[in-house]
Each structure stands twice: as C-alpha cells, then as structure tokens.
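Q: Sharing a structure, written as structure tokens. Questions coming.
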Amino acid sequence: MEDSDIIQLYWDRSERAIAETSGKYGPFLRRIAWNILHSHGDAEECVNDTYFRTWNAIPPARPAAFRAWLGRITRNLSLDRWNQERAQKRGGDETALLLGELNECIPAPHRTEQHLEDQALADLISAFLRTLPRENRVIFLRRYWYGESLEAIASGLGCSSGKVKSSLFRTRGKLRTYLEREGVSL
C-alpha cells in the first residue's frame, strides 16, 4: 500500500491504518528502536508508542516523507526511553558511546533558543552530509541516525570495522570544521 493511502486511512480514522503501517514499516521501526535500546520489550513498546503518536498526529498532520517521519518518532521515543533507563542505571553502553562520539562536534543542549538552534543545526548537518561521498554519508547516517554498531555497518557495506571507524573519525572532524566555519560555537 502506498504511503498516501495509509495516511488517508489515518484521516478516515480507520484502525486498519495501524495494521498497514506496522506491516510496511514495523521491521524498520523495530530496528531503529533495537539499535538504541538493545531490549526487545522496550523496542516493541517504543514502536507501539509510535503508532499511538501517529494516530494522534494524523490528522491534522499530513507528513510528506512518511517513513522518515515515523522513523524520527521512533528514534525520539527510543532516545527518551534510553535516557530514562540510563538515569536509573547510570551505566555505559553502546548508545552512550555513539552519542558521546558526536559531543565534540555538536553544541551543548538546553539553551533558551534551543528549538530554533536545533533546526538551524539540523539544516547545517544536512547540508554538510550532502557534500560527502555517498559511502561516507551512508556510514555516518547508519551510525548516528540508525544507531548501528560498527560491526553491523562494516558487514552491511562489505568492509572492515576499522575502515568504518576511520571514516567516522574523519567525518566527525570535517563536521566540526564545517560547523565552526559556519559560525556554530561548539
């Protein structure tokens, strides 16, 4: 079923919309949640919360890029869940590592004008990513958007994890330089 048809089901308030969304995007959403949470139960709960949020948001929303829109909801819910769990456990894990890798190239959060700055920063990062060769862009997104491990990225691209690690290191350096040149204080 096409995304526009699924979105219309939400507009029509048909419960079939959730089943269609799950059938088409469930594995994609579970993979995002799993890569962040590493818990099947928590991942499944975040995916179900994604369907609930989608049900409540459409209408009035009519997302143009439905897959990306769903992925963002799942990612945000998963990161929120991860932060809650981390606050309780105070332990390190793969998600802490991957988020920590970007600390040197992204400004600190929680300032008054945060929302506008976040959008401006997202636009700058998107512009930067468009300057990268396809392989470097794919590696960066698989690591920092989808939360995949170095080994999973390497396996998926048919290269060594050392190559992936090296690419990420160089890309983070280029991102930092790019953002500084654009006037972002880090």
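The values are calculated or read from the model by the stated rules, or taken from the named source; none is laboratory data. This one's a predicted model, so the numbers in the text were calculated from it and none came from an experiment. All Cβ positions, even for glycine, are placed from backbone atoms using ideal geometry, and neighbour counts span all protein chains on display.
Q: Can you pull out every residue in segment 51-75 that is within 19 Å of PRO27 (Cβ to Cβ), under 18 Å from the mean Cα position of the chain (by Cα) and surrounded by fewer than 15 Cβ atoms within 10 Å (Cβ to Cβ)? Please lay out each step first, then the result.
A: Looking only at segment 51-75, we keep the residues that are within 19 Å of PRO27 (Cβ to Cβ), and these are 51-54, 65-75.
Going one step further and asking which of them are under 18 Å from the mean Cα position of the chain (by Cα), we end up with 51, 53-54, 65-75.
Once the filter is applied, which keeps residues that are within 19 Å of PRO27 (Cβ to Cβ), under 18 Å from the mean Cα position of the chain (by Cα) and surrounded by fewer than 15 Cβ atoms within 10 Å (Cβ to Cβ), segment 51-75 yields ALA65, ARG67, ALA68.
Q: So is GLU180 farther than 28 Å from SER78 by Cα, modelled with pLDDT under 95 and of a type outside the set (Phe, Trp, Tyr) or not?
A: Yes: the conditions hold for GLU180.
Q: Within segment 140-186, can you find the residues that are among the hydroxyl-bearing types (Ser, Thr, Tyr), without any contact (Cβ under 8 Å) to a residue 40 or more places away in the chain and crowded, with 17+ Cβ neighbours inside 10 Å?
A: SER167, THR171
Q: Could you tell me whether ARG31 is in a helix (DSSP H, G or I), charged (D, E, K, R) and in contact with an Asp or Glu (Cβ under 6 Å, 6 or more places away or on another chain)?
A: No; evaluated as a whole, the condition is false for this residue.
Q: Determine, yes or no, whether ARG86 is part of a helix (DSSP H, G or I) and either under 28 Å from LEU150 (Cβ atoms) or modelled with pLDDT under 95 (or both).
A: Yes.
Q: Confirm whether ILE6 is β-branched (Val, Ile, Thr) and closer than 25 Å to LEU79 by Cα.
A: Details: β-branched (Val, Ile, Thr): yes; closer than 25 Å to LEU79 by Cα: no.
The answer is no for ILE6.
Q: Here's another thing I want to ask about it. Can ALA122 be described as more than 27 Å from SER155 (Cβ to Cβ), modelled with pLDDT under 65, loosely packed, with under 11 Cβ neighbours inside 10 Å and small (Gly, Ala, Ser)?
A: no
Q: Can you pull out every residue in segment 34-56 that is hydroxyl-bearing (Ser, Thr, Tyr) and in contact with an Asp or Glu (Cβ under 9 Å, 6 or more places away or on another chain)? Break it down into steps so the answer makes sense when it comes.
A: Narrowing segment 34-56 to residues hydroxyl-bearing (Ser, Thr, Tyr): 39, 50-51, 54.
SER39 - this is the single residue of segment 34-56 that is hydroxyl-bearing (Ser, Thr, Tyr) and in contact with an Asp or Glu (Cβ under 9 Å, 6 or more places away or on another chain).
Q: List the pairs whose first member sits in segment 73-87 and is closer than 27 Å to ALA61 by Cα and not assigned by TED's automatic domain parsing to the domain that holds GLU148, whose second member is in a helix (DSSP H, G or I) and charged (D, E, K, R), and whose Cβ atoms are under 7 Å apart, counting only residues at least 6 apart or on separate chains?
A: Listed by first residue and then by second, the contacts come to ILE73/ARG53; LEU77/ASP49; ARG81/ASP42.
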